[in-house]
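Visitor: Encoded as structure tokens, here's the structure I'll be asking about.
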Amino acid sequence: MATASIKHSCSSKSLSLDSGVMTITSEDSYKSDFDDNSLTPLSPSSTYTVSAIPNIEHSYIDALILCQWDNILGPRLDHVWYVTGRPQPHTNILRFVTGQVLSGEICRDVHTSQVDIKFVDIPDKGVIIPAFIFSAQGSRCISLQSLALIIPNSELTIYLHQADLIHSWFSRIVAKLRVLCAKKDFGTSGLADLSSWLLSCLEMLSSLQTVGLPPTIQLSYTAFHPSNSIEQDFLRSVIASHLMTFSRSVVMGLNDERVNILVYTLGLFCWDSERFCSRAALKGKKWPYYQDLCVQGCTKNPDGSYNLSVRDLLCSQYPTTIIDVERREVMQSSSVLDHRRLSYETLLEELRELYEGEEGYGNSPSRFYQPVNSPESIIKDLIEDIHKLPPDYGVREAYVRHFMHSLQRRAFCLIKYVEGEVTSGARISVLFFFQFNTFKLPFL
């Protein structure tokens, strides 16, 4: 759990702009009284606490801020987390950002449970601000709050590739934060809990920077290269389950090289955007399972144990394929049709236990997992065809790409066919079913 020294500084600025995705400059706002250098830094409108998030090897996030709308003082900054080793944004930037993320939100209904995402681009200050707007219990009453990231605009491309992943993580963090605000004094133990969740998120993003999958995967890293031999029945089951779980897979093993052969192989069956949210295993790093990564490699402990949280598996947006290299086992965290219900129930249970102060389950036995039992022939034929092709000049990689596009077209054709067959009243339910079975359809 990340802890840090707390100190006071200046921040807060009152602005008024429309909410949404904006590109703004400092000149767009009027000059506030808070810019007056004579303002005491100890005034209620300008004090905030600061802490550090340490031990992050690679980060494109400079800082995170928590701010709220005060009906008397306006936008008010409560806390700042600086990422150790990254440039610290100037106080003036923190003031400006605080006003921007909360501007235009004064008429928002604070009794709604909705979490809105707001993206602000500030070119003249060199930052982009993804912000999560929500309502939570304040010191006096329910108030409008925001948890925002401060990112250099030079890192816009990588952020956009990982935006959905970050949104998923922060949606869960905000849900737990609201429980903490309603339960106890946030300034004490609640702040420490929030810091630990943010640390886990930044460690996850750091792992993607350390050993993330490249945009183009070389055949020599995969099981389709002649020098890397894997049982065809096992490989067939791995690929089929990976496609059935929407390209969400975790590969576990004692040897990182054997783990990475499967990781890179599954990377061939991911779209480019999914590879930016995938990573290999790294020797000496015992990363746990991270929620909502596409493909990830995890190294087991010497005794064969591993850090795999069932709660994180079920809170993910999609079911996950679990691959054990030594045991040659392929399982799924849940069935495709049951996952949305299980995910909702698991999150509610997590919030309930957090509110009541109970210990949640972390590493649970594999009785929660579903064995893969989906007979198919399309992957078997694919593997046989690949081995008939020469391994040189990118021929096999191109064949896999062609297979993925062909698979997608088949699913779209089947969906369009069913849309034409059913009545308009039943169309919604049919589309909902196929949304969860797009990649499973060709195996039926």
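Visitor: Diagonalise the Cα gyration tensor of the range 61-157 and give the resulting equivalent ellipsoid semi-axes, square root of 5 times each eigenvalue, largest first, whole Å.
Guide: After diagonalising the Cα gyration tensor, the semi-axes are 24, 14, 12 Å.
Visitor: From Cα coordinates alone, what are the radius of gyration and Dmax values for the range 117-200 in angstrom?
Guide: My reading of the Cα-based Rg and Dmax gives 14.2, 40 Å.
Visitor: Largest first, please: the extent of the C-alpha atoms of the range 236-304 along each principal axis, to the nearest Å.
Guide: Computed over the Cα atoms, the extents are 32, 24, 18 Å.
Visitor: For labels at Tyr355 and His405 in the simple 7 Å Cα→Cβ model, what's the distance in nm?
Guide: Result: 5.1 nm between the two label points.
Visitor: In the range 74-130, how does Rg compare with the Kirkwood Rh, expressed as the Rg/Rh ratio over alpha carbon atoms?
Guide: Rg/Rh: 1.00.
Visitor: Between Phe234 and Arg327, what is the label-point separation in nm under the 7 Å Cα-to-beta-carbon projection?
Guide: 1.4
Visitor: Also: Please find the FRET efficiency linking Gln88 to Ser189, where r is the Cβ-Cβ separation and R0 is fixed at 25 Å, and quote it to the nearest 0.05.
Guide: 0.45
Visitor: Moving on to the next point. Might you work out the accessible area of Leu414 for me, using a 1.4 Å probe with all protein chains in place, and round it to the nearest 10 Å²?
Guide: So the heavy atoms of Leu414 present about 60 Å² to solvent.
Visitor: What residues qualify as long-range amide H neighbours of Glu329, i.e. H under 5 Å apart, gap of 5 or more or another chain, H built at 1.01 Å from N?
Guide: Result for Glu329 returns Asp324.
Visitor: Could you order peptides 224-234, 196-206 by the average number of other Cβ atoms within 10 Å of their residues, highest first?
Guide: 196-206, 224-234
Visitor: Separate question: Quick check on packing: order 289-298, 57-66 by the mean number of other C-beta atoms within 10 Å, highest mean leading.
Guide: Highest mean packing first, the order is 289-298, 57-66.
Visitor: In the range 49-87, which residues have a backbone nitrogen under 20 Å from the label point lying 7 Å from Ile106's Cα in the Cα-to-Cβ direction?
Guide: Inside the label zone: 67-78.
Visitor: Order the peptides 376-389, 236-249 from the highest to the lowest mean number of other Cβ atoms within 10 Å of their residues.
Guide: 236-249, 376-389
Visitor: Give me D for the range 269-343 in µm² s⁻¹, whole number, from Stokes-Einstein with Rh from the Kirkwood sum over alpha-carbon pairs, 10 °C and 1.306 mPa s.
Guide: 119
Visitor: Right, another one. By a straight-distance test (C-alpha under 17 Å), which aspartates and glutamates pair with Lys183 as possible cross-link partners, with residues fewer than eight away in the same chain excluded?
Guide: Here the aspartates and glutamates satisfying the reach criterion relative to Lys183 are Asp193, Glu349, Glu350, Glu353, Glu356, Glu358, Glu359.
Visitor: Compute the FRET efficiency between Asp385 and Gln218 as 1/(1 + (r/R0)^6), taking r as their Cβ-Cβ distance and R0 = 25 Å, and round to the nearest 0.05.
Guide: Step by step, r from the Cβ atoms, then E = 0.80.
Visitor: Could you list, bin by bin from short to long, the percent of Cα-Cα pairs of the range 264-415 in 5 Å steps?
Guide: 2, 7, 13, 17, 19, 16, 12, 7, 3, 2, 1, 0, 0
Visitor: Now a separate question. State to the nearest 20 debye the size of the charge dipole of the range 61-120 about its Cα centre, where the only charges are +1 on K and R beta carbons and -1 on D and E beta carbons.
Guide: 160
The values are calculated or read from the model by the stated rules, or taken from the named source; none is laboratory data. Nothing here was measured: the structure is a model prediction, and the numbers come from that model. Cβ coordinates were reconstructed from backbone atoms using ideal geometry, including for glycine residues, and neighbour counts include every protein chain displayed. Note: areas computed on protein heavy atoms with side chains; ligands, DNA, RNA excluded. Shrake-Rupley method; radii C 1.70, N 1.55, O 1.52, S 1.80 Å.
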